[in-house]
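Notes to accompany the following structure.
The values are calculated or read from the model by the stated rules, or taken from the named source; none is laboratory data. These numbers were taken from a predicted model, which means no experiment stands behind them. Glycine gets a Cβ as well: all are built from the backbone with ideal geometry, and neighbour counts include every protein chain shown. The accessibility values were calculated without ligands, DNA or RNA, using every heavy atom of the protein model including side chains. Shrake-Rupley method; radii C 1.70, N 1.55, O 1.52, S 1.80 Å.
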Amino acid sequence: MSKDTLTITDNRTGKTYELPIENGTVRAIDFRQIKVSDDDFGMMVYDPAFTNTAATKSSITYIDGDAGILRYRGYPIEQLAEQSTFLETAYLLMNGELPTRAELDGFVHAITIHTMVHENVREFIDSFRYDAHPMGIVVSTVAALSTFYPEAKDIQDPEVRKLQAIRLIAKIPTLAAYAYRHRRGLPYVYPDNDLSYAGNLLNMLFRMREVRYEPNPVIEKALDVLFILHADHEQNCSTNAMRSVGSSHVDPYSATAAACAALYGPLHGGANEAVVRMLQEIGSPKNIPAFIDRVKAGDVRLMGFGHRVYKNYDPRASVIKRLAYQVFDEVGQNPLIDTAIELERRALADDYFKERKLYPNVDFYSGLIYQSMGLPMDLFPVLFAIGRMPGWLAQWEEMLRDREQKIARPRQIYLGSDKRDYQPISLRG
Ligand code: SDX
């Protein structure tokens, strides 16, 4: 009769060990009993970049990378993109259930009345160079928010945690817009509480001298759907940063700043900006064969392609590709779309990419939409951070409630020098 155990024989000693299997995994700590002598520390498992390590149990997001499935709290991303709103999805991620009408109205109201930031925050943003990258401003300013809400250090209080989560979701669009307006040398636009979450962001980004900003409903809806699609993605790099930094019990603003910093990287949330720069560099479909040759030679990466988990088409990319054409119908076609479509077609037909299971990911088309909305490329990762905020906060909350979690502190395989004595500089070669 089969048992949920793993039997291991250490051929160095001939000893056999039986490890329990739970949820299709074995506990790494169970390997520590495998020793060659009594003073042996015991066996560890080596997994650079955690390519095969479950660092946590979670109930928030489910991904099937081979089947191209993504669900938030069990709801398929395609249904949420079609029928939900970003704030409703944020509520779902953070609370585990879709809200009632009263719960949603209360949540939206709480977000709406927390969109303002202290005037010192505006002055802090003012102090950046005129050409500072908006993501650099946002990473710094999110961290600075911890100094405005010192009570946030009391992370053991659920009500304190809840209020900081509301503040972060509410204020990140304001910080994004202020960073953009600073870059453009334009006066800041304060939040308009009569507008939707996405509509207010557009207001703070684009309002000029008009008395009231009226968001384009197609753009407003597209932005809301993009935020839904970016809202969470289980244990990605920036979420791992949120959990790891948060495990030291630092305040959520400092942990979120770490998550923003991780997202800034071109291999992660910075890829949407890198995709548009790549398409601009390619220039036109006729240059695609030469570019693909450079990718195969290892000179460049096909940005917006590939994924650690998805070995199939990223389901978000499919929704975003359809959304792109809705935006283009409203504001005019992005001239780079033809190059993007042809590049995807050729890559998907090429053995180099098929063998490596490289498909378009969430970043391949999202930048084209943002660009068509009139947003500058360096704001794209900031827009990713706005969408990902509820996911980071839901994962942070789950980590703090998880009795199996404690401060994250991995071990290492030491390959450095053995003990040696200090040499005075006069004796060094
Ligand atoms: C996001 O984790 C998440 O969930 C992230 C995210 C989220 O929602 O949080 O989904 C958001 O970050 C999407 C990914 C955005 N990044 C990019 O588009 C940048 C380009 N893609 C890659 O650099 C890469 O695909 C990663 C970083 C996304 C995944 O890298 P892996 O899993 O570590 O894969 P790898 O680097 O080990 O590559 C495996 C092979 C290698 O070839 P060989 O060395 O075996 O010959 O595939 C090649 C790589 O060179 N490869 C690529 C490639 N991605 C991988 N070759 C060309 N172009 C690429 N884009």
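Quick rundown of the values:
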read-out	value
Residue in the range 250-262 that is out of contact with any His (no Cβ under 9 Å at 6 or more places or on another chain), assigned to a loop (DSSP other than H, G, I, E, B) and more than 14 Å from the ligand (Cβ to nearest atom) present	yes
Filter result for Thr61 (open to solvent by less than 70 Å² (accessible area, probe 1.4 Å) and in contact with a strand residue (DSSP E or B) (Cβ under 8 Å, 6 or more places away or on another chain))	yes
Lone qualifier among Val218, Val189 - being surrounded by fewer than 18 Cβ atoms within 10 Å (Cβ to Cβ) and more than 23 Å from Glu397 (Cβ to Cβ)	Val218
Candidates Lys221, Lys286 - the one that is charged (D, E, K, R) and not assigned by TED's automatic domain parsing to the domain that holds Tyr149	Lys286
Matching residues in the range 221-249 - criterion: being open to solvent by 40 Å² or more (accessible area, probe 1.4 Å), touching a helix residue (DSSP H, G or I) at 6+ places or on another chain (Cβ under 6 Å) and more than 9 Å from the ligand (Cβ to nearest atom)	Val245
Close pairs (7 angstrom Cβ cut-off, 6 or more residues apart or separate chains): assigned by TED's automatic domain parsing to the domain that holds Ile166 and of a type in the set (A, V, I, L, M) in the range 116-129, part of a helix (DSSP H, G or I) and open to solvent by 70 Å² or more (accessible area, probe 1.4 Å) anywhere	none
The range 263-277, subset open to solvent by 10 Å² or more (accessible area, probe 1.4 Å) and near the ligand (Cβ under 8 Å from one of its atoms), residue farthest from the chain's Cα centre (by Cα)	Ala274
Residue satisfying condition, being within 13 Å of the ligand (Cβ to nearest atom), charged (D, E, K, R), open to solvent by less than 50 Å² (accessible area, probe 1.4 Å) and touching a residue at least 24 places away in the same chain (Cβ under 8 Å), within set Asp378, Asp350	Asp350
Those residues of the range 165-204 which are acidic (Asp, Glu) and touching a residue at least 12 places away in the same chain (Cβ under 8 Å), in sequence order	Asp192
Qualifying residue in the range 414-429 (condition: assigned to a helix (DSSP H, G or I), over 21 Å from the mean Cα position of the chain (by Cα), of a type outside the set (Val, Ile, Thr) and outside the structural domain of Met242 (by TED's automatic domain parsing))	yes
Hits in the range 107-132 (condition: farther than 17 Å from Phe86 by Cα, open to solvent by 50 Å² or more (accessible area, probe 1.4 Å) and in a helix (DSSP H, G or I))	Glu119, Asn120, Arg122, Glu123, Phe124, Asp126
Checklist (1) farther than 23 Å from Ala81 by Cβ; (2) open to solvent by 50 Å² or more (accessible area, probe 1.4 Å); (3) not basic (Lys, Arg) applied to Ile341, failing item	(1)
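Conditions tested, residue by residue: (1) among the charged types (D, E, K, R); (2) modelled with pLDDT of 95 or more; (3) not in a helix (DSSP H, G or I).
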| position | (1), (2), (3) |
| --- | --- |
| Ile29 | no, yes, no |
| Lys35 | yes, yes, yes |
| Tyr46 | no, yes, yes |
| Lys57 | yes, yes, yes |
| Ile63 | no, yes, yes |
| Ala67 | no, no, yes |
| Glu78 | yes, yes, no |
